[in-house]
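Working notes for the structure below.
The values are calculated or read from the model by the stated rules, or taken from the named source; none is laboratory data. The structure presented is a predicted model; accordingly, all values stated were derived computationally and were not measured. Ideal geometry is used to build each Cβ from the backbone, glycine not excepted, and the neighbour counts take in all protein chains shown. All accessible areas refer to the heavy atoms of the entire protein, side chains included, with ligands and DNA or RNA removed. Shrake-Rupley method; radii C 1.70, N 1.55, O 1.52, S 1.80 Å.
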Amino acid sequence: MAGEIKSHYEVVVVGAGVSGIYQIKRLADLGVDALVLDAAPDLGGTWYWNRYPGARFDSESYTYGYSFSKELLDEWHWKERFSSQPENLRYLNYVADKFDLRKYMRFNRKVEAAAFEEAGHLWRLRLDDGRELTCRFLILAVGLLSIPTPPRLEGMETFKGRSFHTFYWPHEPVELSGKKVGIIGTGATAIQVIGEIADKVDELTVFQRRPNWSAPLNNSPISDEEMADIRSRYDEIFAACRRTPGGFEHEPDRRGFHEATREERIALWDKLYDEPGFGIWLSNFREIFTDEAANAEFSAYIADRIRKRVKDPLTADKLIPRDHGFGVQRVPLETNYLEAYNRDNVHLVDISETPILRVTETGLRTSVRDYELDIIVYSTGFDAITGAFDAIDITGAGGVKLADEWREGPSTFLGMMAHGFPNLLMPTGPQSGSASTNFPRGIENGVGWCMGLLGHMRDRGYTRAEPTVEAQARWTAHVTKMYAIMLMRKAKSWFTGYNSNIPGHEHGKTRYLVYNGGTPKYVAAITEVADKGYEGIVFDAGARVAARSAAAAE
Ligand code: NAP
C-alpha cells in the first residue's frame, strides 16, 4: 500500500537526495527489500531545500548528472552549462519517476534514533512520530551540507520583518522589489545570492566578516546542437572525471609552476579566468594547492582582477582575503558578484571592524549604528559533513554513541564504515572521496562500493560487517597525512570543520573531514579493499545461523 511502512526491511536508506536516489536505484535493481526515509516533504535533498535566488551548480551540468543509464543520458537535455536549482530538482524528479523509485520513498519521516541490536544483527530505528522499525543494513545518505547553522545573535526572535537561513529560503516567491535586504555571510551561497538580487532590491547591505576568493562562473545556455555533441562525448567526459583528482573535466596543468615563465603563468591564468567553471582552480598549476609562494603569486593575480572589476578601491580592498590564499577551500563561482558592489544600492559592511551586536525589531545593530531592514538573510553556512550524522542519535554495538566517537572529529574506514557501528554504511560519509570532488561522481563510487559489499555478504550468508580498529586507524591516518601536504589545512573553512556558530567548532583543532587524495587514488584504495575480499572488515553469519537453529528447533 502506498505510504505504508513495514516493521522490517533488509535495508533502510536515510535521505532521498542525489545519493539516496542512486542508492535506492541500485538496491531496487537487485531486488533488495529496501525503504528510503526523508524528513523533507519531497525528494531532492540539497536541491529540494536550497531555493535561494542564484542557486545553481558549480559543476558542469553534464558532469553532475548520473552516469549509470545511457537512456537517461540520451533523454535529458541540460539547458545551461551550470544548471539552476529548479531545473536540478526537475531532473531528480525525472530520474525518480523514470525508474519508478518513488514507491520506495516515504517523506516527512525523520529518523530520530538508530540503535544496533547484537542479537539479531539489526538496526532498530525510531522515527519522529514514535514508530519503530528494524533493518539489517542502515545506509546514511544524509548529505554533507544539510544542517544549516544560523548565527547565535541576541534578539533574532524579535525581528519584525522576514528572516531566514538561505537553506530555508521560502518556497513561494519572496517579494524583493522595494525591500531593504541585509545578508550576513560572504561564502559560496551568499556570493550567488548577492549577484542575483543586487538589481532587484531597493537596498542590499552585505555584512562581511571575512572575504572569500571567488572566480567567474561564465555560464551559458546549451543549444540542441551542443547537447547532441555532449551526448556523443559522454563516455569521454566521464572518463575524464574518473581521471582527474576533482572528478571534473578540468585536468591540472602538468607543467611545473616554477618551470613556467611568469609570462606563461599569466597567459594560462588570463585564459582560465574567462573559461567556465572550476578551470581557474583545477586546471591551474598543481603547486597552488601545496606551495605557499605559488599560491601567493596566483592569489595576487586574482586580487588584481578584483581591483579591476570593483570601482571603489576601498571596497575592492575589503573584498580581498588576507588570511588565506586562493583555492584552499572550495572556490565560490560567481555571476555579477563583484559588479554588484559598483551599484549605488549595494553596501559592504565590514563586521570584523564593526561587529554585529544584536538583531533589533527593525534590523541589525553593529558597534557603530543601526541598519533598518525588511529582510535578513542568514547565509552563514552549515554543520558540515558530520552534522547530519550527529543529528541522529546513533548507538552502535555495546552502547557506544557515534556523536561521542566523533566529538573531536570523525574516524572512519574508507569514509564509508565505522568501527563499533556494524552494518552502518555511509556511501558519502566523512573522509570519503565525495566531499572535495564533483559530488555525484563521488556518490556513484561510494554507492557502487557499498553495493559490492552487500553482494559479497549476500553470496556468503553474512549478516554482520564491521571494520577493525586497525583498518580504521590506518585510513584515518592516511586521510590526516593527505591534509599535511595541502595548504587547505590552514584555512578556517568547513573542510577543516570550522564553524563559529557551533560550540566547539569555532576554531582550533582541525577536523579531518574530507579525503584530499583525489578521485583516482580514492577509487584505487576502495577497489583494493574489495579485491582483497574486503580486507579490514570482519564478517559474521551469526544471525542467519541463529535463525536456522531456531527454525530447526520448532
Ligand atoms: P560557508 O562557506 O561556510 O560561508 C558562511 C559565511 O557566513 C562565511 O562568510 C562566514 O564568515 C559567514 N558567517 C558564518 N557565521 C557568521 C556569523 N555568526 N556572523 C557573521 N558571519 C558569519 O557557507 P556557504 O556559503 O553556505 O557555502 C558552503 C558550501 O556549500 C560551499 O563551500 C560549497 O561547497 C557549497 N555550495 C555550493 C554551491 C554550488 O555552486 N553548487 C553554492 C553554494 C554553496 P567567516 O568566513 O568569517 O566564518
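Quick notes on this structure:
- By the Cα gyration tensor, the stretch 421-474 has an equivalent ellipsoid whose semi-axes, rounded to whole angstrom, run 22, 15, 8 from largest to smallest.
- Extended-chain gain in nm, criterion 0.36 nm per residue less alpha-carbon gap, K308 and K481: 58.4 nm
- Solvent-accessible area assigned to carbon and sulfur over the stretch 68-134 amounts to 47 percent, based on a 1.4 Å probe.
- The gain in end-to-end length when the S7 to D459 segment is fully stretched comes to 160.2 nm, 0.36 nm per residue minus the alpha carbon separation.
- Cα→Cβ-extended label distance, 7 Å offset, between D199 and E535, nm: 5.9 nm
- Evaluated at q = 0.12 Å⁻¹, the base-10 log of the normalised Debye intensity for the stretch 316-420, with identical point scatterers placed on the Cα atoms, takes the values -0.73.
- In terms of its C-alpha gyration tensor, the stretch 125-256 comes out oblate, because a/c is 1.5 or above while a/b does not outweigh b/c.
- Nearest-0.05 FRET efficiency for R489 and R358, computed from C-beta distance (R0 45 Å): 0.85
- Shape of the stretch 163-204, Cα gyration tensor, a/c cut at 1.5: oblate
- Cα centre as origin, Lys/Arg/Asp/Glu Cβ charges: the stretch 358-447 dipole, Debye: 200 debye
- Positive-end extreme of charge dipole, the chain - chosen from S493, A16, S214 (charges on Cβ): S493
- The chain - mean residue ellipticity at 222 nm from DSSP helices (-39,500 (n - 2.57) per run, n ≥ 4, rounded to 500): -9500 deg cm²/dmol
- Normalised per residue, the volume of the convex hull around the Cα set of the chain (Å³): 160 Å³
- Highest-first arrangement of 288-298, 344-354, where packing means the average Cβ count within 10 Å: 288-298, 344-354
- Separation between Cα centres of the stretch 212-278 and the stretch 448-470, rounded to whole Å: 38 Å
- Against the main long axis of the alpha-carbon atoms of the chain, helix 234-243 sits at an angle near 90°.
- Between the listed residues A55, I237, G185, the Cα displaced farthest toward the positive end of the dipole of the chain, a dipole computed from Cβ unit charges relative to the Cα centre, is found at G185.
- Centroid-to-centroid, using Cα positions, the stretch 359-434 and the stretch 15-38 are 23 Å apart.
- Potential lengthening of the chain between E528 and D229 amounts to 104.1 nm, from the contour at 0.36 nm per residue minus the alpha-carbon distance.
- Nearest-20 debye value, the chain charge dipole, Cβ charges on Lys, Arg, Asp, Glu: 820 debye
- The stretch 471-549 and the stretch 91-135: distance between their alpha carbon centers, rounded to Å: 24 Å
- Global form of the stretch 9-72, assessed from the alpha-carbon gyration tensor, a/c cut-off 1.5: oblate
- Helix 542-553 and the longest principal axis of the Cα set of the chain meet at an angle near 30°.
- Within the stretch 55-84, backbone nitrogen closer than 16 Å to the virtual label 7 Å beyond the Cα of E236 toward Cβ: 62-63
- Å² of accessible area per residue within the chain, as computed with a 1.4 Å probe and no ligands counted: 41 Å²
- Furthest towards positive pole of dipole, T386, N438, Y462, structure part the stretch 355-465, Cβ charges: Y462
- Folded to 0 to 90 degrees: helix 292-309 orientation relative to the chain principal axis, Cα: 50 degrees
- Computed about the Cα centre, the dipole magnitude for the stretch 1-52 is approximately 180 debye when only Lys and Arg (+1) and Asp and Glu (-1) carry charge, each at its Cβ.
- Surface share of carbon and sulfur [accessible, 1.4 angstrom probe, percent] for the stretch 465-547: 60 percent
- Taking all C-alpha pairs of the stretch 228-277, those more than 18 Å from each other amount to 48 percent.
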